[in-house]
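Read the structure below first, then the notes.
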Amino acid sequence: MKTHFAPAERATAEQLNTDSTHFSNFKYVSEIINALPYIAAILNKQRQVVFANKALLQLLGINNLNECLGQRPGELLNCIHARETEGGCGTTESCRYCGAVNAIQDCIETGERITNECRITAKIDQKEIAYDLNVTASPFRYRKTDFVVLSFNDIGNEKRRQMLERVFFHDIINTAGGLRGFIEFLRITDDPEEKQQYLAIADELSNTLIDEINSQRELLSAESGNLRIHVKQIIPAGLLHEVVNQLAHHHVAAEKTIEIDPQASAKKMHTDPVLLKRVLVNLLKNALEASAKGETIRLGCHDLDEEKIFWVHNSSFMPNDVQMQIFQRSFSTKGTGRGIGTYSMKLFTEQYLQGKITFVSDKDKGTIFRVYLPENIE
């Protein structure tokens, strides 16, 4: 079978049953694996499960090891890439950047204990779930055969804390500090024109402050499934102008041009304008951050049957590794504690606005993100 990364070959059913029986009957291994406080499994050289602890079985909602025997980690966790190819987990282009597959492969090749962070987007009951995991692969030799003990530790709460700290201890404090500075200027100046300028900037900073807080509140509600949508009638072209106005004076827009397609749809639609605006603002902000001074960012919306297609284009190109991970929670090209913008776009669009978000990035044509939405949300 073809593969884009790790070997696709699998052990025979007979070999899987033999290995599974050996471990099930090996009392001490069974007791040790089950004593671990996190999910763990023993894998063969083909990265297939031959033994799993009770914590893993409980997570999967199964009682019998045979139900997961022979599967690979991504297949067990319902990774969205696990069934894209005939070879399964580990064989797609996206798998090149998976912390779990790389830890297993490195462990097999070096015979050493390997620990990686791993981001997995799973799909369960048509709903995407983001996992942030710490994965450890340790070599284990039994009956002259090499195996891998694979353990997963959920670090999702830690990642959320890092992001919240970045927002509340960095972005919000910086914004609040700027707001305080302009209020001080207002107190000491007697120039009416200067006061109006400072008032306008202070008003903009206060709106940014509130927006940052609201965006985090909405994201937390969305992840927990408690976000309520409020459907209203909007004109797409008008919403695009609101999005541009919100970022036109932001520092990321300095010396860059933003153009709205003059043919942007003026046909009414019914959706949640707050969430849609949040998605488009993030798209535009990312496009501005990726663009150099003097470059132009374009956005628009056109009608297609009973759909609206919003789009944002910039002339930069995203490297392949970025493209493969762009919608994963915690992934970012901007450093630790970042990486929530594109993830939230996908979450809001696909789980709440009943739409779809895609992108194409080309060295010659640049990058364009498209958001497909129904004209009337159900």
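For region 141-162, state whether one or more residues are in contact with a Ser or Thr (Cβ under 6 Å, 6 or more places away or on another chain) and in a strand (DSSP E or B). Checked against the condition, which is being in contact with a Ser or Thr (Cβ under 6 Å, 6 or more places away or on another chain) and in a strand (DSSP E or B), region 141-162 yields at least one hit. Among the residues of region 271-300, the ones that are within 18 Å of residue 350 (Cβ to Cβ) and not in a loop (DSSP other than H, G, I, E, B) come to 13 in all. No other residue among 289, 242, 255 is at positive phi and surrounded by fewer than 18 Cβ atoms within 10 Å (Cβ to Cβ) apart from 255.
Against the numbered list (1) assigned to a helix (DSSP H, G or I); (2) loosely packed, with under 14 Cβ neighbours inside 10 Å; (3) of a type in the set (A, V, I, L, M), residue 266 comes up short only at (1).
A quick yes/no check of all residues on (1) surrounded by 14 or more Cβ atoms within 10 Å (Cβ to Cβ); (2) without any contact (Cβ under 8 Å) to a residue 12 or more places away in the chain; (3) under 22 Å from residue 146 (Cβ atoms); (4) touching a helix residue (DSSP H, G or I) at 6+ places or on another chain (Cβ under 7 Å):
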| residue | (1), (2), (3), (4) |
| --- | --- |
| 7 | yes, no, yes, no |
| 30 | yes, no, yes, yes |
| 35 | no, yes, no, no |
| 86 | no, no, no, no |
| 98 | yes, no, yes, no |
| 107 | yes, no, yes, no |
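Can you tell me which residue in region 223-239 is modelled with the lowest pLDDT, limited to those that are in a helix (DSSP H, G or I) and surrounded by 17 or more Cβ atoms within 10 Å (Cβ to Cβ)? Applying the filter and picking the extreme gives 223.
The values are calculated or read from the model by the stated rules, or taken from the named source; none is laboratory data. Given the structure is predicted, the values throughout are model-derived calculations rather than measurements. Note that each Cβ is placed from the backbone with ideal geometry, even for glycine, and that neighbours are counted across all protein chains shown.
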